[in-house]
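For reference, the structure is listed below as structure tokens.
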């Protein structure tokens, strides 16, 4: 049995309190995401013989995953992870998480990073390597969004030149087109960050680095845009290299940080620290980790990176993660 802290919609939705708004996010443009991932792969392969072999035929799959994520994200609010106001004033987190532009803790660029990365590792460990690399690309895409000033300061996106969010990401897109980012000097500490830090620490460092530029970009000064784009993209590349190296290690070393297809697992609410358990054959409740009776579920991993969970006797976990039924939810 693999004991795994699995981040679920149930785990975070119960803490969301604000109503959805009409704010949308463009995030970085697709070309910016591509350039970040291409250079990160290049660095990872140059720095490690093992990484060169591991990622030898995966570049297109990873970039395709990022492109699909840019095209297919339906809920644009999830590209946000708002740690400050547009003027740079720090906001209070909730259990170590910040909200998206709809005021919800789930889903954000951080929770999507964790979800996509989890799917990537689980797919790879289950022998589904092509979709695994595709989901790794999606995870890299969300990692990049954590370091984008407009997204961490909650700036609304409108496709017009006077809109600060649009103006900055458009400038950054042109920046990567005309800049040889292969000459960037990266942050070695950031590249090695995942060896000693978890997603929480990395997300915090990225978004707070972007936070310090939030107020400055409101000037829409090209000189400021140049400085901020250069600074943020360099740091994102460094952390993306770290993520690629972490993925390789998680997939090639023996560890318990994944759910393999068909295996039995327990599911823990990250914020409450409690396990999901079955009560009266149909109801799902939260219970203490010390009480593991009826806390075990079988995982079915699909090629699209989602899971279905079922109890050996009482049926499938529903889409709201609060009952068992004949119809399984897609997570």
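The values are calculated or read from the model by the stated rules, or taken from the named source; none is laboratory data. Please read these numbers as outputs of a predicted model, since none were measured by experiment. Neighbour counts are summed over all protein chains in view; Cβ atoms, including those assigned to glycine, are modelled from backbone coordinates with ideal geometry.
Which of the following residues is closer than 22 Å to residue 82 by Cβ and touching a helix residue (DSSP H, G or I) at 6+ places or on another chain (Cβ under 6 Å): 159, 191?
159
Checking the structure you have, find out if any residue of the stretch 212-229 is farther than 19 Å from residue 175 by Cβ and in contact with a strand residue (DSSP E or B) (Cβ under 8 Å, 6 or more places away or on another chain).
No, the conditions are met nowhere in the stretch 212-229.
Those residues that are in contact with a helix residue (DSSP H, G or I) (Cβ under 8 Å, 6 or more places away or on another chain), within 16 Å of residue 262 (Cα to Cα) and part of a loop (DSSP other than H, G, I, E, B), I need them from the stretch 282-327; list them, please.
303, 304, 305, 306
Please list, ordered by residue number, the helices (runs of 4 or more DSSP H) wholly in the stretch 102-215 having 3 or more residues that are at pLDDT 90 or above, more than 17 Å from the chain's Cα centre (by Cα) and crowded, with 17+ Cβ neighbours inside 10 Å.
Ranges flagged: 164-178.
Taking only pairs six or more apart or across chains, which ones have beta-carbon atoms under 9 Å, a first residue in the stretch 246-262 that is on the phi > 0 side of the Ramachandran plot and modelled with pLDDT of 80 or more, and a second residue that is surrounded by 12 or more Cβ atoms within 10 Å (Cβ to Cβ) and not in a loop (DSSP other than H, G, I, E, B)?
Hits for this filter: 262/298; 262/299; 262/300; 262/301.
Residue 301 - would you say it is surrounded by fewer than 21 Cβ atoms within 10 Å (Cβ to Cβ), closer than 22 Å to residue 106 by Cβ and modelled with pLDDT of 80 or more?
no
So, residue 298, is that one free of Cβ contacts under 8 Å to residues at least 40 places away in the same chain and over 19 Å from residue 282 (Cβ atoms) or not?
no
Kindly indicate which of 267, 233 is over 20 Å from residue 193 (Cβ atoms) and buried (at least 17 other Cβ atoms within 10 Å of the Cβ).
267
Does residue 251 satisfy the criteria of being in a helix (DSSP H, G or I) and surrounded by 15 or more Cβ atoms within 10 Å (Cβ to Cβ)?
Yes; evaluated as a whole, the condition is true for this residue.
Restricting to the stretch 226-245, give me the number of residues that are without any contact (Cβ under 8 Å) to a residue 60 or more places away in the chain and closer than 26 Å to residue 201 by Cα.
Residues that pass the stated criteria total 6.
Identify all residues within the stretch 255-272 that are part of a loop (DSSP other than H, G, I, E, B) and in contact with a strand residue (DSSP E or B) (Cβ under 9 Å, 6 or more places away or on another chain); write none if there are none.
256, 257, 258, 259, 260, 261, 262, 263, 270, 271, 272
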